[in-house]
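What follows draws every value from the coordinates through simple rules; no lab data is involved. Worth saying up front: this structure is predicted, and the values here are computed from it rather than measured. We place every Cβ from the backbone using ideal geometry, glycine too, and count neighbours over all the protein chains shown.
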Amino acid sequence: MYFVEKEGIISMGIYGRDYTQLTIEEMDQWKALREQEIVKPLSLIQVRKSLFREYPKAVRHYMSLFPNHYMDIEDLKDETELNELAEMYLEMLDTPGTPERTVLNWLRENKAYFIIASILQLWTSRSFHISRA
């Protein structure tokens, strides 16, 4: 975790930088990609093909509602690494007497935020289907 002070407000993030601000190079790359997205300019509108996944990582974070807590879709491509982390996570959970703080520290140290996201996704998708008897 890191803390950033901006205009008297301290914000916390899970990544090693503040994604609420882009570098000049990142802005230039974003602008170039937005221009490449235009497939066919019409008189009042422009037909575009999204190149979102090709944007610099910082831009994808920047566009998010919560830039410093964004779960980047590109980070989920490496299935081998994700499976290894999931196995390590299960081994830790299977260890008798593992305290909650150890679990939280492990998630943070291994940057296994996809595990938290999957738990939240599972919880939110099922919470709307609870029947009332």
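Would the stretch 26-113 count as rounded, prolate or oblate if I go by the C-alpha gyration tensor, calling it rounded below 1.5 in a/c and otherwise prolate when a/b exceeds b/c, oblate otherwise? Prolate, because a/c is 1.5 or more and a/b exceeds b/c.
Looking at the stretch 26-131, the chymotrypsin sites (Phe, Trp or Tyr not before Pro) that sit in a DSSP loop and have at most 10 other Cβ atoms within 10 Å of their own Cβ are Phe128.
Applying the criteria of a DSSP loop state and at most 16 other Cβ atoms within 10 Å to the trypsin sites (Lys or Arg not before Pro) of the stretch 10-75 yields Arg17, Lys49. Couplings for the stretch 83-90, taken from phi via the Karplus curve 6.51 cos²θ - 1.76 cosθ + 1.60 with θ = phi - 60°, read 5, 4, 5, 5, 5, 4, 4, 5 Hz in order; Gly and Pro are left as x. For the pair Thr102 and Glu35 in one chain, pulling the backbone fully straight at 0.36 nm per residue adds 19.4 nm over the alpha carbon distance. Placing R0 at 30 angstrom, the Cβ-Cβ distance between Ile45 and Ile73 gives a FRET efficiency of 0.65 after rounding to 0.05.
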